[in-house]
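A.B. asks: Below you will find the structure I want to go over with you.
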Amino acid sequence: MSHENVEMAHRAYAALQAGDVDEWVSYFDPQVEFSWMAIEGLFRGHEGLREWAAGLLAAFPDWKPSIVEIRDLGDRALIHGSAGGEGARSGLGIEVDFWHAMEIRGGRVVWSAAFRTEADALQAVRLRD
């Protein structure tokens, strides 16, 4: 993974952390496939990303994702991340640890999936070969 791709991943996370969905979406290919821990299914394209983000931010308006570590897997990356926020209705806080796999082509994310475990994320990356 090039230095540019690592920087792009950091900028994308920072955009989502700031609640700037339009900037966050700009780092993804218009035909991206995106899933988050297989809970909500598969989202496709920029509209799918916006739909996912709107649901997340409605439930957790102060959602703050962060990168713990990025691993270079060639044209793919594995991000160990964490995130937290306070429920809009309940006011209860949540903290999650996750593994985010992504494939990058031409400076944009073309596939992105988050998992609860490192093993699941690595398996998904292998299945894309």
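The values are calculated or read from the model by the stated rules, or taken from the named source; none is laboratory data. Remember, predicted model here, so these are calculated numbers, not experimental data. In this analysis, Cβ positions are derived from the backbone assuming ideal geometry, glycine residues included, and neighbour counts consider all displayed protein chains. Ligands, DNA and RNA are excluded from the accessible area calculation, which covers all protein heavy atoms including side chains. Shrake-Rupley method; radii C 1.70, N 1.55, O 1.52, S 1.80 Å.
A.B. asks: Take the residues of the range 72-92 that are open to solvent by 70 Å² or more (accessible area, probe 1.4 Å) and without any contact (Cβ under 8 Å) to a residue 40 or more places away in the chain: which is nearest to SER112 (Cα to Cα)?
C.D. replies: Among them, the one singled out is GLU86.
A.B. asks: For the range 47-57, which residues satisfy the criterion of being over 17 Å from ARG11 (Cβ atoms) and touching a strand residue (DSSP E or B) at 6+ places or on another chain (Cβ under 7 Å)?
C.D. replies: GLY48, GLU51, TRP52
A.B. asks: I'd like to verify a number: residues in the range 10-55 that are free of Cβ contacts under 8 Å to residues at least 12 places away in the same chain, in a helix (DSSP H, G or I) and in contact with a Phe, Trp or Tyr (Cβ under 8 Å, 6 or more places away or on another chain), how many?
C.D. replies: Of the residues in that region, 1 qualify.
A.B. asks: Given the options PHE60, PHE115, PHE98, name the one that is closer than 18 Å to ALA14 by Cβ, touching a residue at least 24 places away in the same chain (Cβ under 8 Å) and crowded, with 18+ Cβ neighbours inside 10 Å.
C.D. replies: PHE98
A.B. asks: With respect to ASP22, is the statement that it is in contact with a Ser or Thr (Cβ under 9 Å, 6 or more places away or on another chain) and open to solvent by 50 Å² or more (accessible area, probe 1.4 Å) true?
C.D. replies: no
Results for (1) open to solvent by less than 70 Å² (accessible area, probe 1.4 Å); (2) modelled with pLDDT under 95, shown as yes or no for each residue.
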position	(1), (2)
ALA38	no, yes
ARG44	no, no
GLY48	yes, no
ALA54	yes, yes
VAL68	no, no
